[in-house]
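The values are calculated or read from the model by the stated rules, or taken from the named source; none is laboratory data. Computed from a predicted structure; not experimentally measured. Positions of Cβ are generated from backbone atoms using ideal geometry, with glycine treated the same way; all protein chains shown enter the neighbour counts.
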Amino acid sequence: MKNLTLSTLIVILAFSGVNAQKFKYGHIDGQAVYKKMPEVQKADTLYAKFVKQLEDQIKSMQDEYNSKVKEYQDNEKTLSDIIKQTKVDEINALGERIKKFQISAQTEAGKKQKEIYEPIRKKFDAALKVVAKKYAYKFIIDKNTLLYFDDADDVTKLVENQLGIK
């Protein structure tokens with residue numbers, strides 16, 4: 001009984017200490033702010049153009065591959081064994097080049113995405129920190145991860161104003 005009372009007292013004191021420190025918290029719709037940033041639309045266009053170039057190169061390589069396969073199939077009966085083997089080797093080599101290029105293209109797309117969007121993310125983070133310090137927020141959480149929030153604690157407009165978004 002004595003241990004239970006002591007444990008209860010410790011828990012009560014621990015929670016009262018937490019309550020004594022009032023933390024101001026807020027939430028933000030980060031995606032909504034991010035989408036309103038003019039830099040994001042420019043970045044989206046730039047990134048889409050880059051990805052389209054890679055896709056066009058892959059399509060061109062695949063068209064060449066399909067053409068070589070069709071040509072081989074159409075002429076297979078008239079080709080000598082040596083020429084058949086040479087054509088098969090060419091087709092296989094082209095298939096391998098396509099696979100390697102696809103992997104390289106994915107890597108390049110990831111690098112380009114980071115290069116394009118990282119400065120925008122940093123600008124967003126900097127504005128969020130300015131708002132947090134200016135209004136003494138200890139925590140600002142993205143509202144997309146919250147099940148419930150009080151609209152009074154929404155800092156979305158404050159961050160938009162900090163970024164110059166109307």
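Which residues, counting only those in the stretch 26-52, are aliphatic (A, V, I, L, M), under 30 Å from LEU146 (Cα atoms) and either crowded, with 16+ Cβ neighbours inside 10 Å or free of Cβ contacts under 8 Å to residues at least 60 places away in the same chain (or both)? Steps first, answer last, please.
Narrowing the stretch 26-52 to residues aliphatic (A, V, I, L, M): 28, 32-33, 37, 40, 43, 46, 48, 51.
Filter once more, so that each one left must be under 30 Å from LEU146 (Cα atoms): 28, 32-33, 37, 40, 43.
Residues satisfying the conditions are ILE28, VAL33, MET37, VAL40, ALA43.
Which of the numbered conditions does LYS122 fail, given that it passes all the others? Conditions: (1) charged (D, E, K, R); (2) more than 18 Å from the chain's Cα centre (by Cα); (3) surrounded by fewer than 13 Cβ atoms within 10 Å (Cβ to Cβ).
Condition (2) is where LYS122 drops out.
Residue by residue through the stretch 18-46, note down the ones that are in a loop (DSSP other than H, G, I, E, B), within 30 Å of LEU163 (Cβ to Cβ) and more than 24 Å from the chain's Cα centre (by Cα).
Pass one, the stretch 18-46, residues in a loop (DSSP other than H, G, I, E, B): 21-24, 29, 37.
If we keep only those that are within 30 Å of LEU163 (Cβ to Cβ) as well, we get 22-24, 29, 37.
Once the filter is applied, which keeps residues that are in a loop (DSSP other than H, G, I, E, B), within 30 Å of LEU163 (Cβ to Cβ) and more than 24 Å from the chain's Cα centre (by Cα), the stretch 18-46 yields LYS22, PHE23, LYS24.
What do you reckon, is GLN102 within 21 Å of LYS49 (Cβ to Cβ) and part of a helix (DSSP H, G or I)?
On the way: within 21 Å of LYS49 (Cβ to Cβ): yes; part of a helix (DSSP H, G or I): yes.
Yes: the conditions hold for GLN102.
Scan LEU128, LEU147, LEU163, LEU158 and give me the residue that is out of contact with any Cys (no Cβ under 8 Å at 6 or more places or on another chain) and without any contact (Cβ under 8 Å) to a residue 24 or more places away in the chain.
LEU147
Could you list all residues from the stretch 99-118 that are touching a residue at least 24 places away in the same chain (Cβ under 8 Å) and either loosely packed, with under 14 Cβ neighbours inside 10 Å or of a type in the set (Asp, Glu) (or both)? Walk me through how you get there before you give the answer.
From the stretch 99-118, those touching a residue at least 24 places away in the same chain (Cβ under 8 Å) are 101-102, 105, 108-109, 112-113, 116-117; that's our starting set.
If the condition is that a residue be touching a residue at least 24 places away in the same chain (Cβ under 8 Å) and either loosely packed, with under 14 Cβ neighbours inside 10 Å or of a type in the set (Asp, Glu) (or both), then GLU108 is the only one that fits.
Among the numbered conditions (1) of a type outside the set (Lys, Arg); (2) surrounded by fewer than 18 Cβ atoms within 10 Å (Cβ to Cβ); (3) farther than 10 Å from ILE28 by Cβ, tell me where ASP154 comes up short.
Only one criterion in (1) of a type outside the set (Lys, Arg); (2) surrounded by fewer than 18 Cβ atoms within 10 Å (Cβ to Cβ); (3) farther than 10 Å from ILE28 by Cβ is unmet by ASP154, namely (3).
Sort out which residues of the stretch 134-165 are β-branched (Val, Ile, Thr) and touching a helix residue (DSSP H, G or I) at 6+ places or on another chain (Cβ under 7 Å), and write them in order of number.
Initial filter on the stretch 134-165 (β-branched (Val, Ile, Thr)): 140-141, 145, 155-156, 159, 165.
Matches in the stretch 134-165: ILE140, VAL155, THR156, VAL159, ILE165.
A quick yes/no check of all residues on (1) in a helix (DSSP H, G or I); (2) over 30 Å from GLY164 (Cα atoms); (3) aromatic (Phe, Trp, Tyr):
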position	(1), (2), (3)
ALA48	yes, no, no
LEU54	yes, yes, no
GLN62	yes, yes, no
TYR65	yes, yes, yes
LYS68	yes, yes, no
GLN73	yes, yes, no
ASP89	yes, yes, no
ASN92	yes, yes, no
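Quick one: how many residues across the stretch 74-89 are surrounded by 10 or more Cβ atoms within 10 Å (Cβ to Cβ) and either under 38 Å from the mean Cα position of the chain (by Cα) or of a type outside the set (D, E, K, R) (or both)? Before you say what the answer is, go through the steps one by one.
In the first step, residues of the stretch 74-89 are kept if they are surrounded by 10 or more Cβ atoms within 10 Å (Cβ to Cβ); the result is 75-76, 79, 83-89.
From what's left, either under 38 Å from the mean Cα position of the chain (by Cα) or of a type outside the set (D, E, K, R) (or both): 75, 79, 83, 85-86, 88.
So the count comes out to 6.
Let me spell it out: the conditions are (1) surrounded by 13 or more Cβ atoms within 10 Å (Cβ to Cβ); (2) modelled with pLDDT of 95 or more; (3) within 26 Å of ILE28 (Cα to Cα); (4) among the acidic types (Asp, Glu), and GLU64 meets all of them except one. Which number is the exception?
Single failed check for GLU64: (3).
Go through the stretch 21-37 and give me each residue that's more than 13 Å from PHE139 (Cα to Cα) and small (Gly, Ala, Ser). Spell out the reasoning first.
Keep residues of the stretch 21-37 that are more than 13 Å from PHE139 (Cα to Cα), which gives 21, 29-37.
Those that are more than 13 Å from PHE139 (Cα to Cα) and small (Gly, Ala, Ser): GLY30, ALA32.
Would you be able to tell me the number of residues in the stretch 114-136 that are basic (Lys, Arg) and either modelled with pLDDT of 95 or more or closer than 18 Å to GLN31 by Cβ (or both)? Step through it out loud before you land on a result.
Step one: of the stretch 114-136, the residues basic (Lys, Arg) are 114, 121-123, 129, 133-134.
Filter once more, keeping what is either modelled with pLDDT of 95 or more or closer than 18 Å to GLN31 by Cβ (or both): 114, 121-123.
Number satisfying all stated conditions: 4.
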